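Peer 1: Before I ask anything, here is the structure I am working with.
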Amino acid sequence: MSKQKKWLLSCIAIAAFLAIVYVLEATIPKSSQWSMLFTVLEKGSIYALVAVSMNLVNGFTGLFSLGQAGFMLIGAYAYAIFTIPVEQRAAVYQYFDGGLVQFTLPVIVSILIAGLVAAAFAFLIGLPVLRLKSDYLAIATLGFAEIIRAIFQWNTLGPITNGSNLLRKFYTYDSALYPIIACGICIAIIVLLINSSYGRAFKAIREDEIAAEAMGINLFKHKQMSFVISSFFAGVGGALLAMFQTTIQASAFKAAMTYEFLLIVVIGGMGSVTGSVIASYLFIACREWWLRFLDAETYIGDFKVPLLRAGFRNVVFAVIIMIIVLFYRKGIMGTNEFSWDALIRWFKNLPKNIKSIPGRIKNIPNKFKRKSKKEAQINE
Amino acid sequence: MDFVRDNLPYILAGISVGGQYALIAIGYTMVYGILRLINFAHGDMFMIAGLMAVYAVTWMPLYVAIPFIIVLTVLLGFGIERVAYKPLRSAPRMSVMISAIGVSYLLQNAALYITGGLTKTYPNIPFLADTITVFGATTKVVTVVTPFLTIGLVILLVILINNTKIGMAMRAVSRDFETSRLMGIKIDSVISMTFIIGSFLAAIGSILYFTNYTGVMPTAGAMPGLKAFVAAVFGGIGSIPGAVIGAFIIGICENIIKGLGWTTFSDAFTFALLIVILIVKPTGLFGEKNIDKV
């Protein structure tokens, strides 16, 4: 297929998707259970943005950074602080005499500031931290995220951050299209970056630092760049998450949140942007929507289905994640990206694949036998 | 001396918490020494041990329950290694670490499901939970017992590692994984032993820790776990005495900071200390220097 044709197809697909969302939003009432679809679309988009930004550092540059929640926190707070209407500030900052900041900025400007503040912090943190390697880098970034969280909860900074209290009443969006389009633009920018000469330098660093340095790539400069850009988009993601949640509190941005994004990146495939996006939607859809029936106590006739009660959904979900981590180590996409050619090929091969399913099922026991034999040989 | 007298309760609490962190930190440092894996699930194992005690005492008398939960925790640690880490032995290190994060996620969610999200109260262990007065400061017996018990266990462990066959195998594996395999050391049993020792110490640590702080909730293991890991890094990862000293330093500093009224920053301080040590001396106080060869 020619390049022009692919572009046209992509544009049509995106326009169709946005149109469908627009129509659905107009037709599905807020009270129906299908309204969960929008939660998934909104939260999934935001998670996709943060996951892709994490993938930029972890998957494409090969730096094991666990600071994403901290940068999201900065972004979320920066956004909220600048967009709470002046007349509401007295109510929000009730313990701090209405707070220090007494003006509001336009929403778009605030979102950009959210990203820039996060990026500035990342720049400062990166100066010492990026000289560390693998596990040490992971622990140091995790540590910084925790320190940021403590600072934002500090009472002395209360006039700005409202201490450990909620921030609320800031501007939020009213259509699911808003986060989808915003995240889409951000992800597109990241993809452009990855396909540029900088992106190739990142990948070279991931493959072999010493070889990359020998080829004339400035290691520190490129690591710093990847780290700062990733944090910028994590900050933007934080701002959008604040809009989605309508209230924010520093105590929610724990290390556990970073782990969620890491799991998404791994499930999607390290070093695949489309993988991260698909995994984010699946992750959110499973957790918030599809597995929800596991949380309700269910009766079939008089028989009460055992185990089903609040919290079971998350246990099942965690087991699914463990299975993926153990058996599908490369994730959904591996390091591949979505392409129209691959999709068309997949559809063409579909009848053949379906036909071969019975044969493959028959083969499964053999596979295990062969594998165990091989293992036995290695162990000997 | 005034400073010491005013802060005595905090210093005592610090030494006690330090001992408890030390018991967890040994699990981290041993596993890291051998597998080069940050076992993120270790902190959650510690929480599960606490939770098991809560439920065990409702079924059986206390003197049966304590050995019972120690055995169960050891089995859990052994099982986690077999199910979640062993299949990934030849995989890149990142995959194993992500598997550890997955196990941690699973344990936390399982705990959330079992407790229904409520904070459970740890059973009252007679003697350990009694109050005692030391130099005019009132505290629990466990505060005084912990440092001695910790040091005793560490000495036993060091003897085990220095003087037994399995200890020698452990040292060999931590030095060079592949070569020790070629020399006929059964890697899998050495790794299992490491996890068994780590879980055993974590179970004892959990008894001591939760007698002090009686609320057991699904996230109770996360913070002590991270701090114990920081202690392990601080002392030089892979080094047992290093982990113990690091844990005591972190426990004491943290409690003095609490005493000064900076509770918000007691956690942050731990990480600040970590970052300083990583930048100044990345191998920690007693760590061995690794040289990367091309």
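The values are calculated or read from the model by the stated rules, or taken from the named source; none is laboratory data. As the structure is a prediction and not an experimental result, all values here were calculated from the model. For neighbour counting, all protein chains shown are included, and Cβ atoms are generated from backbone atoms with ideal geometry for every residue, glycine included. Each accessible area value is taken on the protein alone, full model and side chains, heavy atoms only, with ligands, DNA and RNA left out. Shrake-Rupley method; radii C 1.70, N 1.55, O 1.52, S 1.80 Å.
Peer 1: Please compute the length gained on full extension between A:Ser31 and A:Trp154, using 0.36 nm multiplied by the number of residues separating them and subtracting their Cα-Cα distance.
Peer 2: 40.4 nm
Peer 1: Where does each of A:341-349, B:266-274 land if you order them by average Cβ count within 10 Å, highest first?
Peer 2: Ranking the peptides A:341-349, B:266-274 by packing returns B:266-274, A:341-349.
Peer 1: Nearest 500 deg cm²/dmol is fine: what mean residue ellipticity at 222 nm does chain A get from its DSSP H runs of n ≥ 4 alone, each adding -39,500 (n - 2.57), divided by its residue count?
Peer 2: Calculated from helices alone, the mean residue ellipticity at 222 nm is -22500 deg cm²/dmol.
Peer 1: Between A:Tyr299 and A:Ala256, what is the FRET efficiency for a Förster distance of 45 Å, r being their Cβ-Cβ separation, to the nearest 0.05?
Peer 2: Approximately 0.85, to the nearest 0.05.
Peer 1: Taking all protein chains together and a probe of 1.4 Å, list B:Asp44, A:Asp295, B:Asp6 from the most accessible to the least accessible.
Peer 2: On the way: B:Asp44 5, A:Asp295 35, B:Asp6 110 Å².
Ranked list, largest accessible area first: B:Asp6, A:Asp295, B:Asp44.
Peer 1: For the stretch A:103-164 and the stretch B:188-245, what is the centre-to-centre distance using only Cα atoms, to the nearest Å?
Peer 2: Cα centroid to Cα centroid, the span is 29 Å.
Peer 1: Which whole number in µm²/s is D for the stretch A:12-139 by Stokes-Einstein, with the Kirkwood Rh taken over Cα pairs at 25 °C and 0.890 mPa s?
Peer 2: 137
Peer 1: I'd like the distance between the alpha-carbon centres of the stretch B:124-140 and the stretch B:49-70, rounded to an integer number of Å.
Peer 2: Using only Cα atoms to place each centre, the spacing works out to 22 Å.
Peer 1: Taking the Cβ of B:Val233 as the center, what net charge do the other residues with Cβ under 12 Å away carry, scoring Lys and Arg +1 and Asp and Glu -1?
Peer 2: Result for the local shell: +1.
Peer 1: Highest first, please rank the peptides A:185-198, A:207-220 by the mean number of other Cβ atoms sitting within 10 Å of their residues.
Peer 2: So the order, starting with the most tightly packed, is A:185-198, A:207-220.
Peer 1: So what J values fall out for the stretch B:145-157 if you push phi through Karplus, 6.51 cos²θ - 1.76 cosθ + 1.60 with θ = phi - 60°, rounded to Hz, Gly and Pro as x?
Peer 2: After applying 6.51 cos²θ - 1.76 cosθ + 1.60, I find 5, 3, x, 5, 4, 4, 5, x, 5, 5, 4, 4, 5 Hz.
Peer 1: For a test of understanding, tell me how many lysine pairs in the stretch A:7-338 have Cα atoms under 30 Å apart, given they are 8 or more places apart or on different chains.
Peer 2: So the count of such lysine pairs works out to 22.
Peer 1: Counting alpha carbon pairs within less than 8 Å and at least 6 residues apart, what relative contact order, in whole percent, applies to the stretch A:78-148?
Peer 2: 28
Peer 1: Something else about it: Take a quick pass over the stretch B:2-280 and tell me how many lysine pairs come in under 27 angstrom between Cα atoms, counting only ones 8 or more apart or on separate chains.
Peer 2: 10
Peer 1: Rolling a 1.4 Å sphere over the protein heavy atoms, what is the accessible area per residue of the stretch B:62-139, to the nearest Å²?
Peer 2: 49
Peer 1: OK, next. Taking only C-alpha pairs under 8 Å that are 6+ residues apart, what is the relative contact order of chain A in percent?
Peer 2: Relative contact order for chain A comes out at 26 percent.
Peer 1: Same structure, new question: On a 1.4 Å probe surface of the protein chains, which of B:Met52, B:Met45 comes out largest in accessible area, and what is the full order?
Peer 2: Order by accessible area, largest first: B:Met52, B:Met45.
Peer 1: May I ask for the net charge around A:Val319, where only other residues with Cβ less than 14 Å from the Cβ of A:Val319 are counted and Lys, Arg are +1 while Asp, Glu are -1?
Peer 2: Every neighbour counted, the sum reads +2.
Peer 1: Just the accessible area per residue of chain A, please: how many Å² with a 1.4 Å probe?
Peer 2: I get 51 Å² per residue for this part.
Peer 1: Ballpark to the nearest 100 Å², how much total accessible area do B and A bury together, probe 1.4 Å?
Peer 2: Buried area (both sides, nearest 100 Å²): 3700 Å².
Peer 1: Averaged across orientations, what area in nm² does the convex hull of the alpha carbons in chain B project?
Peer 2: Convex hull of Cα atoms, orientation-averaged projection: 16.6 nm².
Peer 1: Give me the inter-chain shielding for A:119-131: mean count of other chain Cβ atoms within 10 Å, whole number please.
Peer 2: Partner Cβ neighbours, averaged per residue: 1.
Peer 1: Sort the stretch A:210-360 into rounded, prolate or oblate with this rule: let a ≥ b ≥ c be the square roots of the eigenvalues of the Cα gyration tensor; rounded if a/c is under 1.5, and if a/c is not under 1.5, prolate when a/b is larger than b/c, oblate otherwise.
Peer 2: oblate
Peer 1: Can you compute the modelled spin-label distance between A:Lys133 and A:Trp346, with each label point 7 Å from Cα toward Cβ, in nm?
Peer 2: 3.8
Peer 1: Using a Förster radius of 41 Å, what is the FRET efficiency between B:Thr138 and A:Leu219 based on their Cβ-Cβ separation? Nearest 0.05, please.
Peer 2: 0.15
Peer 1: Between helix B:165-175 and chain B, what is the angle of the helix's C-alpha long axis to the longest principal axis, kept within 0 to 90° and rounded to the nearest 10?
Peer 2: The angle comes out near 80 degrees.
Peer 1: Sticking with this structure for a sec: Among A:299-310, A:56-67, what's the highest-first ranking by average C-beta atoms within 10 angstrom per residue?
Peer 2: Top of the packing list down: A:56-67, A:299-310.
Peer 1: Okay, next question. From zero up to wherever the largest Cα-Cα distance of chain A sits, split into 10 Å bins and tell me the percent of pairs in each.
Peer 2: 5, 19, 28, 26, 15, 5, 2, 0
Peer 1: Please give the helix A:255-268 orientation as an angle from the longest Cα principal axis of chain A, in degrees from 0 to 90, rounded to the nearest 10.
Peer 2: For helix A:255-268, the angle is close to 40 degrees.
Peer 1: Follow-up. Counting only other chains, what is the mean number of Cβ atoms within 10 angstrom of the Cβ of each residue in peptide B:90-101?
Peer 2: Partner-chain Cβ atoms within 10 Å, mean over residues of B:90-101: 5.
Peer 1: Between A:Gly334 and residues 5 or more places away or on another chain, which pairs have amide H atoms under 5 Å apart, with H built 1.01 Å from N, and which residues are they?
Peer 2: Those qualifying (amide H under 5 Å, at least 5 residues apart or on another chain) number zero.
Peer 1: I'd like the mean, over residues of B:218-229, of how many other protein chain beta carbons sit within 10 Å of each residue's own Cβ.
Peer 2: Across B:218-229, the average partner-chain Cβ count within 10 Å equals 1.
Peer 1: Among A:Gln94, A:Thr83, A:Ile46, pick out the residue whose Cα is farthest towards the positive end of the charge dipole of the stretch A:1-125, where Lys and Arg carry +1 and Asp and Glu carry -1 on C-beta, about the Cα centre.
Peer 2: Toward the positive end, the furthest listed residue is A:Ile46.
Peer 1: What net charge is computed for the residues neighbouring B:Pro92, neighbours being all others with C-beta under 15 Å from the C-beta of B:Pro92, Lys and Arg scored +1, Asp and Glu -1?
Peer 2: So the surrounding residues net to +4.
Peer 1: Using alpha-carbon pairs under 8 Å, 6+ residues apart, how would you state the relative contact order of chain B in percent?
Peer 2: Across chain B, relative contact order equals 37 percent.
Peer 1: Using a Förster distance of 30 Å, how high is the FRET efficiency between A:Phe327 and A:Ile20, based on the Cβ-Cβ distance and rounded to 0.05? Don't jump to the answer; show the numbers that get you there.
Peer 2: Numbers: r = 34 Å, r/R0 = 1.13.
Efficiency at R0 = 30 Å is approximately 0.35.
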